1. Considering (1) over 26 Å from B:P108 (Cβ atoms); (2) free of Cβ contacts under 8 Å to residues at least 40 places away in the same chain, say which one A:I65 fails and leave the rest.
2. Give the residue that is surrounded by the most Cβ atoms within 10 Å (Cβ to Cβ), with candidates limited to residues of the stretch B:99-122 that are hydrophobic (A, V, I, L, M, F, W, C) and either in contact with a strand residue (DSSP E or B) (Cβ under 9 Å, 6 or more places away or on another chain) or within 12 Å of chain A (Cβ to nearest Cβ) (or both).
3. Output the qualifying pairs, or none if there are none: Cβ atoms under 8 angstrom, residues six or more apart or on different chains, first residue in the stretch A:209-231 and among the acidic types (D, E), second residue assigned to a helix (DSSP H, G or I).
4. Please enumerate the residues belonging to the stretch A:30-41 that are buried (at least 22 other Cβ atoms within 10 Å of the Cβ) and either within 14 Å of chain B (Cβ to nearest Cβ) or more than 14 Å from A:K9 (Cβ to Cβ) (or both).
5. Which one is nearest to the other protein chains (Cβ to nearest Cβ), of the residues in the stretch B:10-24 that are outside any loop (DSSP other than H, G, I, E, B) and surrounded by fewer than 17 Cβ atoms within 10 Å (Cβ to Cβ)?
6. I'd like to know if the stretch B:71-90 contains one or more residues that are within 14 Å of chain A (Cβ to nearest Cβ), of a type outside the set (F, W, Y) and either under 20 Å from B:L25 (Cβ atoms) or in a helix (DSSP H, G or I) (or both).
7. Taking the condition within 13 Å of chain B (Cβ to nearest Cβ) and part of a helix (DSSP H, G or I), does A:R140 pass?
8. Going by what's in this entry, would A:P84 be described as within 28 Å of A:N36 (Cα to Cα), within 12 Å of chain B (Cβ to nearest Cβ), touching a Ser or Thr at 6+ places or on another chain (Cβ under 7 Å) and not in a strand (DSSP E or B)?
Amino acid sequence: MIEVRNLTKRYGDLIAVRDISFSAGPGQVLGFLGPNGAGKTTTMRIITGFMPATSGTVKVAGYDIFDDSYEVRKRIGYLPENPPLYTDMTVTTYLRFVGRIRGIAKAELNDSVDKVLHTCGLAEVTSRVVGHLSKGFRQRVGLAQALIHNPSVLVLDEPTIGLDPRQIIDIRTLIRKLAGDRTVILSTHILPEVAQLCEKVVIINEGYIAVEDTLANLTQDASLEQVFLRYIAKDTGIPAAAAEAPQ
Amino acid sequence: MRNALAIAGKELRSYFVSPIAYVVLTGFLLLGGWFFFNLLSRFNFLLSIYSAMRNPEAQTRLNLNEFVIGPLLHNLSVVLVIIIPMITMRSFAEEKRSGTYELLMTSPLSITEIVAGKFLGVLGFMIIMIGLTAIYPVILLLYGNPEMGIILAGYLGLFLLAIAFATVGLLTSSLTENQIIAAVSCLVVLLLLYVIAWPAETAGPIMGAVLKYLSLTEHFSEMVKGVIDTKDLVYFGSVILLALFLTHRSVESVRWR
């Protein structure tokens, strides 16, 4: 579903992502792990077509993000680290706007909005102004915005950051519910989250892929914390583990 | 087109759900009203003096178009130079700062649709803003007999001027994520276009003509006098299209830099 091949991104002299490759199959929830500044957000921004890679390719649902950027963008739902909210709109107006620019036909717009309002537990705040909502609700509106066009790929950049424990549990339950037949890439540095949600784990460190494997394989003889620390300690970052990882 | 209209609607709504639209429109109309009131009382004063002097020749030279509408439009154009950078500074800069730019850029929209949407939004706001000042000529029409054609030509000029200003504002806003930088650089460009013809008299025949052609005021003045010349329409059209084209380029560069 998502295939990242030899992706490199430079910002001037700084190399944010170095020659990374990984893939996620249909219906898979992929945990994208790494310390702050490892290149997670950069990679996700490239996958969603927000910015171009310096070199390398990404294919989403068989479409190349460079050549068929439009087709890719139709199929991806993206929740950036800061939910992209227009704070002066009401929840419904906002979701209707997002639905329209994501290409939902006028006739189906009401149904799509109702559906995500229900899925994301927003039914009680439909006419509230987005800027007046609590952080937890804003995050849900962010998720609703990513889901409204029923995308086959969901890219979530640290969806639970800054939430209280109760809200974190809510959002996680929601993500688990959403996964279903969608491919989900979830970036985070909260390890238990990965243990609860993901089938596959990619650990990225200083722009390199440190490891790509299933969660079950990685946690066979050690806890995820130990595995994570072991991989991010290796600063050489040779993606040896990636080569033998099962697809 | 549907997508562009969705964005335009969102833009226009964002002016009216916040106090921005009301503050801007009130301020604009307040200043406009003050200009109008003063120009009109000066006109009345001159009229009473000339009739007291029994000078029919001077009296025929006094007309509402030249003494009220013309100066009013010129004054409003100066207000537009200052006010439009503040209206357009948000358009792209605010989206970048708040992160909603990522939503626009990762949605299945073409850059043309995004820029067209932003443009149509601000165009709608200009129509409302300039449209509201139509109250002044309407008052004149009710109580006097100004020439309708000249008024319409002048208003067309003011409208084109506002659109040209606004597209420059969109351009500067697309170049930065800081609204102050967007507003100040737009203001500088507009003021420069406003005063660029000042050295025209001393700059020599060729340079002088070039400077005069570049000046917004020269083209605007012609239209205020009631002359709709293709030359002036082409000028405004090229400023608008060039600014929109550069905005398109600037937005595109974010996607493929």
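A short reminder: the numbers here are calculations on the coordinates, not readings from a lab. Just so it is clear, the structure is predicted and the values come from calculations on it, not from any experiment. Glycine also receives a Cβ, built like all others from the backbone with ideal geometry; neighbour counts cover every protein chain displayed.
1. (1)
2. Per the stated criteria, the residue is B:L103.
3. That search, which allows pairs on different chains as well, returns A:E212/A:A241; A:E212/A:A242; A:D213/A:A241; A:E225/A:L191.
4. Listed by number, the residues that qualify are A:L30, A:G31, A:F32, A:L33, A:G34.
5. Checked the stretch B:10-24; the qualifying residue nearest to the other protein chains (Cβ to nearest Cβ) is B:V17.
6. Within the stretch B:71-90, one or more residues are within 14 Å of chain A (Cβ to nearest Cβ), of a type outside the set (F, W, Y) and either under 20 Å from B:L25 (Cβ atoms) or in a helix (DSSP H, G or I) (or both).
7. no
8. The answer is yes for A:P84.
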